[in-house]
Amino acid sequence: EWDEWGNPNDKVYYDYIKSYSPYDNVEAKDYPDILITAGLNDPRVKYWEPAKWTALLRELKTDNNILLLKTN
């Protein structure tokens with residue numbers, strides 16, 4: 001995949017990949033209502049990745065809007 005996305009060991013590519021990483025771009029602010037879905041047996045995105053993202057959003061968001069995680 002490095003041919004397509006770049007080698008994350010190279011700072012230029014690392015910074016680029018991090019710029020669109022949902023987890024690394026969570027910040028303390030208001031978010032709209034969010035429904036996050038995950039597949040327990042998804043071979044590409046393991047179930048704990050959306051759960052980890054959901055936990056970080058819940059920790060940092062500054063509003064009372066709905067944030068749901070549905071795993072099937």
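Scanning for something in contact with a helix residue (DSSP H, G or I) (Cβ under 6 Å, 6 or more places away or on another chain) and at pLDDT 95 or above, does the range 39-56 turn up at least one residue?
We begin by selecting, within the range 39-56, every residue in contact with a helix residue (DSSP H, G or I) (Cβ under 6 Å, 6 or more places away or on another chain); these are none.
No, every residue in the range 39-56 fails to be in contact with a helix residue (DSSP H, G or I) (Cβ under 6 Å, 6 or more places away or on another chain) and at pLDDT 95 or above.
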Do you know which residues across the range 28-39 are touching a Lys or Arg at 6+ places or on another chain (Cβ under 9 Å) and surrounded by fewer than 10 Cβ atoms within 10 Å (Cβ to Cβ)?
ALA28, LYS29, ASP30, LEU35
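Let's see how each residue does on (1) in contact (Cβ under 8 Å) with a residue 24 or more places away in the chain; (2) surrounded by 10 or more Cβ atoms within 10 Å (Cβ to Cβ); (3) part of a loop (DSSP other than H, G, I, E, B):
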{"residue": "ASP3", "(1), (2), (3)": "no, no, no"}
{"residue": "ASN7", "(1), (2), (3)": "no, yes, yes"}
{"residue": "ASP15", "(1), (2), (3)": "no, yes, no"}
{"residue": "ASN25", "(1), (2), (3)": "no, no, yes"}
{"residue": "ASP42", "(1), (2), (3)": "no, yes, yes"}
{"residue": "VAL45", "(1), (2), (3)": "no, yes, yes"}
{"residue": "ALA51", "(1), (2), (3)": "no, yes, no"}
{"residue": "ALA55", "(1), (2), (3)": "no, yes, no"}
{"residue": "LEU69", "(1), (2), (3)": "yes, yes, no"}
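The values are calculated or read from the model by the stated rules, or taken from the named source; none is laboratory data. Please read all numbers here as calculations on a predicted model, not as lab measurements. Positions of Cβ are generated from backbone atoms using ideal geometry, with glycine treated the same way; all protein chains shown enter the neighbour counts.
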